[in-house]
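The values are calculated or read from the model by the stated rules, or taken from the named source; none is laboratory data. Model, not experiment: these values are computed from the prediction. Heads up, the Cβs are rebuilt from the backbone with ideal geometry, glycines too, and the neighbour counts pull from every protein chain shown.
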Amino acid sequence: MFEGVDKRADAPAVDSAAEPAAERRRSGFSGAVDWRLAARTGAALVPPGPRTSRYSAEQVVGELADASVRAEGPVREVSGLLDDQPVPSARVVDRPGWISAAADSMSQLTGTGAESTDKGLLSGKPAGVQAGAMLAFLSTAILGQYDPFTGPDGTLLLVAPNIMAVERALGVAPADFRFWVCLHEVTHRVQFSSAPWLADYMRANVETLGEAGDEPLADMLGRLVEEVRDRRRGGADDPNSRGVVGLLRATQAPPQREALDRLLMLGTLLEGHADHVMDAVGPAVIPTVEHIRAAFDQRRKRPTNPLQRILRALLGVDAKVAQYVRGKAFVDAVVERVGMAQFNTVWTNAETLPRPAEIEDPQRWVARVLG
């Protein structure tokens, strides 16, 4: 019953399966993925959301749109960011709507264009089909997402059927859970709006990842073999060196590996800060927040079937969960020591972002950045 849902807080519903914009700037990823085809493929493969009546579907859409606006005030107050800027509306979408938006965002971030030409076995349309299949899987798990690369104020997406599915599975108060999700996602919007340089920083690192080089295949394989040997010796203590992400890092030349590390560290900070803010705001505005947090954390630890475990590893879902935990521990520790106002120095520029070693040792960041 969620089909066709795509609603802003202050606008009528529109077609959720709208295709990505046709033309984007070019980058080292040019020709890699046909994102228009990815969006169509993902929409064709995605399983339906939970069964519900039209009345209930419309109710959750309206409540999420309202909650995304109400969440902005508490988030700004606790975070100390964005006191005097207008509150933009959110988009409440179904799963195909998220797939379309994600494909559009990726085409803008990578500069590949919505359509691209076939250049090699894993480029253009074949890669578009593969990307669509991955988007279909991810679209069943995403609750919300802030996209800084579309629209003048970015785009805050809330995936209504997934939020309803999780609140049912957890047995939590629907209104409280919906507001709780909005607190996290609105924090991401505030982060990027308060530090506009973040979007360009992300884009620059993605461009570095996409730069094609003439490095011999033997060199890449050599690094991969060394990584495997290191793991057998008990190495790879850094979470970013584990699993598929670690193997990807192992095959990359130093510039690409460093760019990936910078993106991973930024993601850890953004997710950890959002979790910190939502927990700091929660007790004052959400009566059942303790029950929600306990149930949600237990859900993250719950085992999945073998196929889901493989897909989660391949798509980096488990690495994403680790980002929440490590990032929140970093933010909690820094805010406890120096306060939120001093912590907000982190948003100044790329040099004030935490480095890999500082995530695990927050005092090192405090000493380096705050003196």
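So the values come out like this:
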read-out: Test: residue in the stretch 293-305 that is among the aliphatic types (A, V, I, L, M), at pLDDT below 90 and either more than 27 Å from Thr110 (Cα to Cα) or in a helix (DSSP H, G or I) (or both); value: no
read-out: Residue check, Leu158 modelled with pLDDT of 90 or more and touching a Gly at 6+ places or on another chain (Cβ under 7 Å); value: yes
read-out: Residue count, the stretch 44-92 (criterion: aliphatic (A, V, I, L, M) and assigned to a helix (DSSP H, G or I)); value: 11
read-out: Leading residue by the ranking (nearest to Ala165 (Cα to Cα)) among those in the stretch 95-109 that are out of contact with any Pro (no Cβ under 6 Å at 6 or more places or on another chain) and among the hydroxyl-bearing types (Ser, Thr, Tyr); value: Ser100
read-out: Selected residue [out of contact with any His (no Cβ under 7 Å at 6 or more places or on another chain), of a type in the set (S, T, N, Q) and without any contact (Cβ under 8 Å) to a residue 40 or more places away in the chain] from Gln342, Gln323; value: Gln342
